[in-house]
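S.K.: First the structure, then my questions, so here it is.
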Amino acid sequence: MDFQKLLSLISKEEGLKLDFKEKLNIDTESGKKELAKDICAIANSKGGRGYLIFGIEDKSKKIIGINKDLFSEEKIQQIVSTRIEPPVPVSVDKIDIAGKTIGIITIYNTEQKPFQLRETGAFYIRRGSTTDYMRKEEIASILHYTGLFHIEQIPIIKANLKDIDLNKVDDFFKMAGINHSVDNHLLISAGFAIKEKDNNEIHPSLGAMLLFGKHPDIFLPHAIILIHNYINNEFPKLHISKGTIIDMLDDAIQFINKVIPYNSLVKSAIQEHIGKAIIYRDYFCINRFIEVYIKNNKIEIVNPGAALKANNDKYVKRNLWLYSKIITLDKDKKFFNKEYNKQEFEKHYSKIKYYNIPSENLYKVIIPLEDKI
């Protein structure tokens, strides 16, 4: 790490990927455990590289320095390799500022997460500037992101095949060019149904319920769109769109258009972003809905599920299995419309604003409605 990079980090506040420590104590068992826990938490948190910086008071940012002889890269790497599973890739640097030594541990972002402590099996994460245990849905969400676990393939145990519309399934296969009668074998092969090993019962998968369910909201009450109407008293202030993904999207667009009729340019922007929200949402986040706020001069779309980045800092798609199926079902290309022209939209309106909020696992889009002219 270079000098200017360190100064830039010191100027920032603590957060998911940055923690300041006055000193490093790795000569005691408790100190080793604390370091492993802090590295594990930063490695599991959303975002790119993380940093533990030693020799800085976290409140005042006063530079107090460390004993450089005690800041041993060999000991730090040994703690990481023996106490964290899998070992987190880190690098260790020492930089002098104003006659004092600052120690830096850089924690690299990899797709090997989630990381856990070997001794206890605990998973940790950062919440703001503090370290906390990971919740089960956070662990499951990371496993889904890394490809070790697919939420769409979870069986809905309380449901059976009567709860999905097999006519819609048949239509899907025909659109996909598969002319085969729908049977249990085909449903299981496609990932639309899961057979229990113990009793051979067959249940629809979560993905099938979202795509073809007769009443998905009964089994997945969080998979809805909640629309807040702040501008038109002729319609309800709160509207719930539910059903399959396509039905839910159609209903949401129809309601928004009634509340505030818009031109085709605005319509394509709204359809595009609501469609992306429902595909890329984090379905492990069961205590939040997609929410749409209709206001006089803008529409806000708040999506449970912060955008994910790969090691190359490019955003990656969440729920690829679901996405691959929905582009076939969206035969009219309403919600994944390749004709949506962002540049043309922004000629007439202000720029669409995007806010990625990893600390709250949210993604927010603000679509302006006031014409520039």
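The values are calculated or read from the model by the stated rules, or taken from the named source; none is laboratory data. Values in this document were obtained by computation on a predicted structure and should not be read as measured data. So basically every Cβ, Gly included, is an ideal-geometry build from the backbone, and we count neighbours across all protein chains shown. Note: accessible area is taken over every heavy atom of the protein model, side chains too, but ligands, DNA and RNA are not part of it. Shrake-Rupley method; radii C 1.70, N 1.55, O 1.52, S 1.80 Å.
S.K.: Name the single residue that is farthest from residue 283 (Cα to Cα) among those in the stretch 138-183 being β-branched (Val, Ile, Thr) and at pLDDT 85 or above.
M.R.: First, the residues of the stretch 138-183 that are β-branched (Val, Ile, Thr): 139, 142, 146, 151, 154, 156-157, 164, 169, 178, 182.
With the extra rule that they be at pLDDT 85 or above, the set shrinks to 154, 156-157, 164, 169, 182.
Working: 154: 11, 156: 13, 157: 17, 164: 19, 169: 22, 182: 27 Å.
For the stretch 138-183, the residue satisfying everything is 182.
S.K.: Would you mention how many residues in the stretch 245-298 are in a helix (DSSP H, G or I) and among the β-branched types (Val, Ile, Thr)?
M.R.: Going through the stretch 245-298, the residues in a helix (DSSP H, G or I) turn out to be 245-259, 264-280.
If we keep only those that are among the β-branched types (Val, Ile, Thr) as well, we get 245-246, 253, 256, 259, 266, 270, 274, 278-279.
Of the residues in the stretch 245-298, 10 are in a helix (DSSP H, G or I) and among the β-branched types (Val, Ile, Thr).
S.K.: Here's a check for you: in the stretch 15-48, which residue that is in a loop (DSSP other than H, G, I, E, B) and touching a strand residue (DSSP E or B) at 6+ places or on another chain (Cβ under 6 Å) is surrounded by the fewest Cβ atoms within 10 Å (Cβ to Cβ)?
M.R.: Quick first cut of the stretch 15-48, residues in a loop (DSSP other than H, G, I, E, B) only: 16-17, 22-28, 45-48.
Within this subset, residues satisfying the condition of being touching a strand residue (DSSP E or B) at 6+ places or on another chain (Cβ under 6 Å) are 16-17, 24, 45.
Working: 16: 19, 17: 21, 24: 21, 45: 23.
The residue in question is 16.
S.K.: Ok, one more. Return yes or no: is residue 95 assigned to a loop (DSSP other than H, G, I, E, B), surrounded by 14 or more Cβ atoms within 10 Å (Cβ to Cβ), over 20 Å from the mean Cα position of the chain (by Cα) and modelled with pLDDT of 90 or more?
M.R.: On the way: assigned to a loop (DSSP other than H, G, I, E, B): no; surrounded by 14 or more Cβ atoms within 10 Å (Cβ to Cβ): yes; over 20 Å from the mean Cα position of the chain (by Cα): yes; modelled with pLDDT of 90 or more: yes.
The answer is no for residue 95.
S.K.: With the requirement that a residue be more than 20 Å from residue 333 (Cβ to Cβ), open to solvent by 20 Å² or more (accessible area, probe 1.4 Å) and at pLDDT 95 or above, what does the stretch 236-267 give you? Please lay out each step first, then the result.
M.R.: Step one: filter the stretch 236-267 for residues more than 20 Å from residue 333 (Cβ to Cβ), giving 236-240, 242, 255, 258-261.
Adding the requirement that they be open to solvent by 20 Å² or more (accessible area, probe 1.4 Å) leaves 236-240, 242, 258, 260-261.
Residues satisfying the conditions are 236, 237, 238, 239, 240, 242.
S.K.: While we're on this one: Among residues belonging to the stretch 45-77 that are closer than 21 Å to residue 11 by Cα and without any contact (Cβ under 8 Å) to a residue 24 or more places away in the chain, point out the one that is farthest from the chain's Cα centre (by Cα).
M.R.: 62
S.K.: Could you list, in sequence order, all residues of the stretch 117-141 that are open to solvent by 40 Å² or more (accessible area, probe 1.4 Å), touching a residue at least 40 places away in the same chain (Cβ under 8 Å) and touching a helix residue (DSSP H, G or I) at 6+ places or on another chain (Cβ under 7 Å)?
M.R.: 119, 123, 131
S.K.: With the checklist (1) open to solvent by 20 Å² or more (accessible area, probe 1.4 Å); (2) hydroxyl-bearing (Ser, Thr, Tyr); (3) touching a residue at least 12 places away in the same chain (Cβ under 8 Å); (4) closer than 27 Å to residue 357 by Cα in hand, flag the one item residue 106 doesn't pass.
M.R.: That leaves (1) as the condition not met.
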